[in-house]
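Asks: Below is one structure. I have some questions about it.
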Amino acid sequence: MIKRDEALELLRKYIKNEKNFKHCLAVEAIMRALAGRLGKDEELWGLTGLLHDIDYELVGKDLSRHGVVALELLKDLLPNEALEAIASHNELTGHTSNLDIAYALKASDHVSGLIIATALVMPNKKLDEVRVDSVLKKFKQKDFARGVDRSRIMYCEKLGLSLEEFVKVSLEALKEIHDVLGL
C-alpha cells in the first residue's frame, strides 16, 4: 500500500486546483476519524479519502469516467476494498459497493462540502465558529449548498451512526486541520 507522503505527491501531480486539493484533504481527515470511531484501518480509510478524486481534473466534464480512471492510476497502490470504494463513490460509473469504506467515502465526500459551506457563511469564515446544530440546520435547508447530496450523507446510518453523531465526528476532524484548509 502506498505511503501517505507518496500519496500526497501523486495527488499533487494530478490535482492542480487548490480547492480540489483541499477537498481531498478534508475527506481524508473525515475518513480517518470515522475509521478511528468504527475500529477500522485509519491509514487505509485515510488514503482512500485522500485519493478518491485523483482523476477529477483528468476526466474534465466526462464525469462518467470519474472513479474509473482513478482505478487505473491506483490499481497497484491500494487494496481492492479502497479501489472499490473510490470507483463506487461516483454513481455515474455504474460501480456499486456495500462495503463500509464505500458508504463512509460517499458520506464523507458530501458532508465535507456541507460543513465547509457552513463555515463560509460564518462571520469570520472559520471552522471554529461552526457547531453541530448549525450544520444540521443547514442540512435541512435544501437551497443551501445545493451540490451536496443529503441522501449520500445519510449513508452514515449504514455505518451505525446517526446524522448528528456523523456530523460531530466530521466537524471535529475538519477542525483539527483548519489551518491546512485555511478555515
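Asks: Only one residue in 49, 60 is within 11 Å of the chain's Cα centre (by Cα) and not acidic (Asp, Glu). Which one?
Replies: Values: 60 fails: within 11 Å of the chain's Cα centre (by Cα).
When all the criteria are applied, what remains is 49.
Asks: Does residue 127 qualify as being buried (at least 18 other Cβ atoms within 10 Å of the Cβ), of a type outside the set (Gly, Ala, Ser) and over 15 Å from the mean Cα position of the chain (by Cα)? I'd like the intermediate steps shown before the answer.
Replies: On the way: buried (at least 18 other Cβ atoms within 10 Å of the Cβ): yes; of a type outside the set (Gly, Ala, Ser): yes; over 15 Å from the mean Cα position of the chain (by Cα): yes.
Answer is yes for this residue.
Asks: Does residue 54 fit the bill of being within 17 Å of the chain's Cα centre (by Cα) and not in a loop (DSSP other than H, G, I, E, B)?
Replies: Numbers: within 17 Å of the chain's Cα centre (by Cα): yes; not in a loop (DSSP other than H, G, I, E, B): no.
Against the criterion (within 17 Å of the chain's Cα centre (by Cα) and not in a loop (DSSP other than H, G, I, E, B)), residue 54 does not qualify.
Asks: Let me ask something else. Just wondering, is there one or more residues in region 24-34 that are modelled with pLDDT of 95 or more and surrounded by fewer than 17 Cβ atoms within 10 Å (Cβ to Cβ)?
Replies: no
Asks: Considering only residues that are modelled with pLDDT under 95 and either in a helix (DSSP H, G or I) or surrounded by fewer than 21 Cβ atoms within 10 Å (Cβ to Cβ) (or both), which ones fall in region 89-123?
Replies: Matches in region 89-123: 91, 92, 93, 94, 95, 96.
Asks: Pull out all pairs, ordered by first then second residue, where Cβ-Cβ is under 7 Å, the residues are six or more apart or on different chains, the first lies in region 67-85 and is more than 14 Å from residue 102 (Cα to Cα) and touching a residue at least 24 places away in the same chain (Cβ under 8 Å), and the second is crowded, with 21+ Cβ neighbours inside 10 Å and acidic (Asp, Glu).
Replies: 73/55
The values are calculated or read from the model by the stated rules, or taken from the named source; none is laboratory data. The structure displayed is predicted, hence computed values, not measured ones. Reconstructed Cβ throughout: ideal geometry from the backbone, glycine too, with neighbour counts over all protein chains shown.
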